[in-house]
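The values are calculated or read from the model by the stated rules, or taken from the named source; none is laboratory data. Note that the structure is predicted; figures quoted are calculated from it, not measured. Positions of Cβ are backbone-derived with ideal geometry, glycine not excepted, and every protein chain shown enters the neighbour counts.
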Amino acid sequence: MPDVYPINDYGPLMPGLVMGGVAIVHVFLAQFAVGGGLLLCYFQWLAMTGRNPHARLFVAGYFKALVLISFVLGALTGVGIWFTAIQVSPATIGAMVLHFHWLWATEWTFFCLEIAAGYMFYRYHSRLSDRASLALLAVYAAAAWTSLFIINGIISWQLTPGAWLETRNLADGFFNPSFWPSLLFRTIVATTLASLVACVVVNTMGQLDREARRSLINRAAYLLIPMVLMPGLGLWFLAVMPADSRGWVLGGSPAMTLFLNLSVAASLAIGAYALVGLVVRKLYINGATATLLLMLAFGATAAGEFVREGARKPYSIRHVLYSNAIRPEEVARLRETGCLADDPYPVRRRGEFPNSQLERGALVYRRLCAVCHTVKGVNAVTDLMEHWDADQMRMNIAKLQQTKPFMPPFAGTPQELEALVQFVRWSAAGHAQTWPVSDDPETLAQISKWLAEAGPLPANSQRYPDLEVHAGE
């Protein structure tokens, strides 16, 4: 069994929502940094070859924005991801580091190279020759894209580990089924963001007249052309997704389907305007419109990341860890020994509980539910179970993977399940000062029967043989 860690309590904010908010901002900024390097190489080449007389001025102004926005906020949110992730799901991060530690280390060296090259260009480009400036920008762009290359392999492994499940081979895990469509899609997103930011930056260059700014915008728009490949890459990604995950995205989960549609709609709006207006008709775009398109791109990124994360349910790493950090092969054993047997951490505010059963229920909630739920707040268990009576709660939790197929099976004893039911009911009742202990043998026997009927496997395991339990390391 892996080490057990307590989940930090963010009050009414769902822990995953806290981490997700930080991660979305970081992904947006990181992809901008990657695309920004490619765009700057292009504009430096334009300056060197005399194809645009204002390209050199643009490079200096754009890189200031890149450094101030991406380097500073990107670095802060990057640290923020690690800080929140080790509080929300340390077992997931631990597994990723365990299996890919040398790749993480390699990515870090490229990240350091990216930062060093970027700051060197920012500090010394005015003293360098054109060829030296282009070489330094090329080093920056290559290092930034290589960081994306490596991180993409690790992140995509979470959803589609593929042959790695059998071989435990590093290459099988890294070059997993969704690696290439995900990498190519993210690269196009990076160039799109860089181009949209360029349109905003150009509109801040008041020393240039409208025609000069239009010429720079038209040049930057060339990096929007790869957006025509996005629909094909999106379909490729859907095709390599596990069948049950694809089902969540395409209607099985209304929330995921909604966010997918929002991401697609925003991307289509940006692509249509960019390709028809900027590339074909070579229109001028003002700062307000450019900012609006950039905000749409942020919305598309946020919705897309939500779908990517949600599609893994009920796993955080497919077949390795459930979203609550329980390993699939542990469920049957934990139903015998209990999910609290190896949890050494006391519950907070233990003096508030009228009896030990409620205290035990709070511990079960923390171990099995707290990663994705709150007691009262976002995605609260009290709200989700508000209209269930006690027996309905018992049956639905015992058959959790059948009640909601994107949930993992309940991994505890009948006594722990009853303790959880009483904890949720007591919380919904406003933390009454007295509460009766529920230990009726017939009730516990019925819970045990429901657990046996549901079994320890995830939902649809017969429909999707891929969902059979794979023994972890």
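Worth a mention:
- Filtering the range 21-47 to residues that are surrounded by fewer than 19 Cβ atoms within 10 Å (Cβ to Cβ) and either closer than 25 Å to residue 375 by Cβ or in contact with a strand residue (DSSP E or B) (Cβ under 9 Å, 6 or more places away or on another chain) (or both) leaves only 21.
- Subset tally (residues that are under 24 Å from residue 27 (Cβ atoms), among the hydroxyl-bearing types (Ser, Thr, Tyr) and crowded, with 21+ Cβ neighbours inside 10 Å) for the range 96-147: 2
- Those residues of the range 312-338 which are more than 27 Å from the chain's Cα centre (by Cα) and assigned to a loop (DSSP other than H, G, I, E, B), in sequence order: 338
For every residue, the table says whether it meets (1) part of a loop (DSSP other than H, G, I, E, B); (2) farther than 20 Å from residue 456 by Cα.
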{"site": "376", "(1), (2)": "yes, yes"}
{"site": "382", "(1), (2)": "no, yes"}
{"site": "387", "(1), (2)": "yes, yes"}
{"site": "392", "(1), (2)": "no, no"}
{"site": "395", "(1), (2)": "no, no"}
{"site": "405", "(1), (2)": "yes, no"}
{"site": "408", "(1), (2)": "yes, no"}
{"site": "412", "(1), (2)": "yes, no"}
{"site": "416", "(1), (2)": "no, no"}
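- Residue match in the range 261-274 (condition: free of Cβ contacts under 8 Å to residues at least 60 places away in the same chain, crowded, with 22+ Cβ neighbours inside 10 Å, aromatic (Phe, Trp, Tyr) and on the phi < 0 side of the Ramachandran plot): no
- Residues that are of a type in the set (S, T, N, Q) and modelled with pLDDT of 95 or more do not occur anywhere in the range 358-380.
- Among helices (runs of 4 or more DSSP H) entirely within the range 201-254, having at least 2 residues that are closer than 30 Å to residue 158 by Cα singles out 230-240, 243-247.
- Here residue 107 fits the description: of a type outside the set (Lys, Arg), modelled with pLDDT of 90 or more and under 30 Å from residue 325 (Cα atoms).
- Qualifying residue in the range 327-341 (condition: touching a helix residue (DSSP H, G or I) at 6+ places or on another chain (Cβ under 6 Å), more than 22 Å from residue 372 (Cα to Cα) and at pLDDT 90 or above): no
- Options 371, 364, 347: the member that is part of a loop (DSSP other than H, G, I, E, B) and touching a residue at least 40 places away in the same chain (Cβ under 8 Å): 371
- Of the residues in the range 149-161, at least one is among the aromatic types (Phe, Trp, Tyr), surrounded by fewer than 21 Cβ atoms within 10 Å (Cβ to Cβ) and closer than 28 Å to residue 274 by Cβ.
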